Amino acid sequence: SNAKREVGSFAVADYLVFGGMLVLSAAIGVYKGWTSRDQSGSRHFLTGNRKLTALPVSTSLITTFMTSVTLLTNPVEVYNYGGIFVLLCFSYTVAIFVSSEIFMPFFYRLGFTSIYEYLELRFNRTIRLLGILLFMLQTMLFNGLIIYAPALALNQGAGVDLWGGIISTAIICTIYCTLGGMKAVVWTCVLQVGVMLAGNLSVIIKAVMLQGGVSTVLSDAQEGGRMNFWDFDPNPLRRHTFWTLTIGGVAGWSGVYGTSQAQVQTYISCKSVTHARVAMYINLLGLMCIMLSSVFAGFCLYSIYKNCDPLTAGLVSASDQMMPYLVMDIMKGYPGLPGLYFAGVYSGTLSTVSCTINSLTAVTLVDLIKPYTTLSTKHLSILSKGLSKWLILIIICVRCFFDTELVYSFTQAVVIVSGIIQGPMFGVFTLGVLCPFVNSKGVVSGLVSGVLASLCVCLGALFSPPTPEMTRPLPLTTAGCNFTTSPNWTSTAPPTQPTLFATTLAEGWQSISYLYFGIVGTLACLIVGVIVSLLTGGWNETVDPKLTFMKEDALTYQLYKFLKDSVSAKKLIKKQRN
């Protein structure tokens, strides 16, 4: 039936399941802190003494950027815009290949705790400090969003106090980041990936049972136009097409896996470059599983609400509340399952915040404190643990700047925050690693140009939101709604309407797809960086070969060399026989 059902609320079992996940996460931190109490030093705390294996590291790589926002909003993207979102799987594959062939072995060989150490060696201290400043700004904003999203979902879905959710996230992260360091972060991610997948699958299985099987869900998605996997329109203003999702996705995820501090710090903590490479490919399988389950969850969401869209009907006030609403709607009478889903959402937040806090601690310690002090190893270790607490506190303060009226699409907000800074920084590292002729003047010019370019397209999109002709939302209806009971859904104000200024601007400006924000910054950085370097004597640069990419780093070159040597050996043996 598509009639309005009374939405459930949290039972004791839900609180127990949810609380159990938080307690287990904290316990891992305490355990890892206790077992490694004799191993002092900031290197142990920040990179686990580079002794970790592929499997736990791969789960940490998955959860660093597969956040609570992924579980909450990816299904809603599919519900509103269709299954074309699944093409990001192609982007993941190309990005992981590029990162594992070029950037990962390069940074692993250099072995820096902070990748910004490289920028000073390759260019100068100014570029290192600019990179650190942008990284810290991005991490604060990113984590502010990530902490806010699940707290809001729990507030809307289960009536849990918003600030209670935010503070609990902070306390748990503080415990295991401070006590256990990188080892605790990595092993807690293993638990949290399991909880995320279990939570997501519980919703999918229940929805499939409710609708009478997978075939019903898929046929509903087909009839509703949600099976729109192929759209080759090259128009860059279109929100989701094959090109925006693959080109924009490849550029964005290559920057994340190749040159983001959190990911690099995670994979250099592996015991060998082979373990690091295997971790990246296991991580790729995990990304694919999460994406495919998110897309199918979106189909389930549509199948259940195809005749009564909760957003249009006023049952929820923002699209990001759709999944929590679905869970509380279909899971009533199953104590513990809503708790499992919300535990999964929170797991996404805990793992992301802990990984990024660890990387922020590393950068603050290695780049901003260590060069200016003569502290002993023991004191640096104590300082690194203390920094975790303060950084989490600062992030909670940053969260205060976010409001539901401003952040009404968490997916886009996260992509925008990452794109403005990660895009140009990806350009900077690409110039340093792959272009020996690029000098410091070129890189500074490129970085400034990249940030300004991505900022311009971002501000343009905020003041002039893309038109329905470009976003192509799929049809939804409220024809089957039957409001026999009043919705017991705590709602907040819907997104504000565009101002007169925004409306005027819209007449002369068309916003490109949000997936291109990052690539605009990357391309601007690369083009300006190369041109300025060549104009300022870049050809005369003398760079230490170790600070640029060596073909021996790549697995493909090693395989090519192996095959070439094998063929040469066979020819030699044949010649000797003759």
Any hit, segment 319-330, residues being buried (at least 23 other Cβ atoms within 10 Å of the Cβ), closer than 29 Å to I175 by Cα, of a type in the set (V, I, T) and touching a residue at least 40 places away in the same chain (Cβ under 8 Å): no
Report, ordered by the first and then the second residue, all pairs with beta carbons closer than 6 Å, sequence separation of six or more or different chains, a first member in segment 90-107 that is of a type in the set (D, E), and a second member that is modelled with pLDDT under 95 and not in a helix (DSSP H, G or I). E101/A554
Within segment 210-229, the residues that are outside any loop (DSSP other than H, G, I, E, B) and touching a Gly at 6+ places or on another chain (Cβ under 9 Å) are A221
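Would you point out which residue out of G165, G212, G255, G224 is small (G, A, S) and under 23 Å from C289 (Cβ atoms)? Steps first, please.
Numbers: G165 fails: under 23 Å from C289 (Cβ atoms); G212 fails: under 23 Å from C289 (Cβ atoms); G224 fails: under 23 Å from C289 (Cβ atoms).
Criteria check complete, one pass: G255.
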Of the residues that make up segment 163-175, is at least one assigned to a helix (DSSP H, G or I), at pLDDT 75 or above and within 16 Å of the chain's Cα centre (by Cα)? no
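Residue by residue through segment 257-274, note down the ones that are part of a helix (DSSP H, G or I), surrounded by fewer than 21 Cβ atoms within 10 Å (Cβ to Cβ) and touching a helix residue (DSSP H, G or I) at 6+ places or on another chain (Cβ under 7 Å).
Here is the first cut: in segment 257-274, the residues part of a helix (DSSP H, G or I) are 257-259, 261-267, 273-274.
Still in the running and surrounded by fewer than 21 Cβ atoms within 10 Å (Cβ to Cβ): 273-274.
Across segment 257-274, the qualifying residue is only V273.
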Which one is farthest from S445 (Cα to Cα), of the residues in segment 117-161 that are hydroxyl-bearing (S, T, Y) and surrounded by 24 or more Cβ atoms within 10 Å (Cβ to Cβ)? Y148
A207 - would you say it is farther than 30 Å from Y341 by Cβ and either of a type in the set (D, E, K, R) or not in a loop (DSSP other than H, G, I, E, B) (or both)? no
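The values are calculated or read from the model by the stated rules, or taken from the named source; none is laboratory data. Nothing here was measured: the structure is a model prediction, and the numbers come from that model. In this analysis, Cβ positions are derived from the backbone assuming ideal geometry, glycine residues included, and neighbour counts consider all displayed protein chains.
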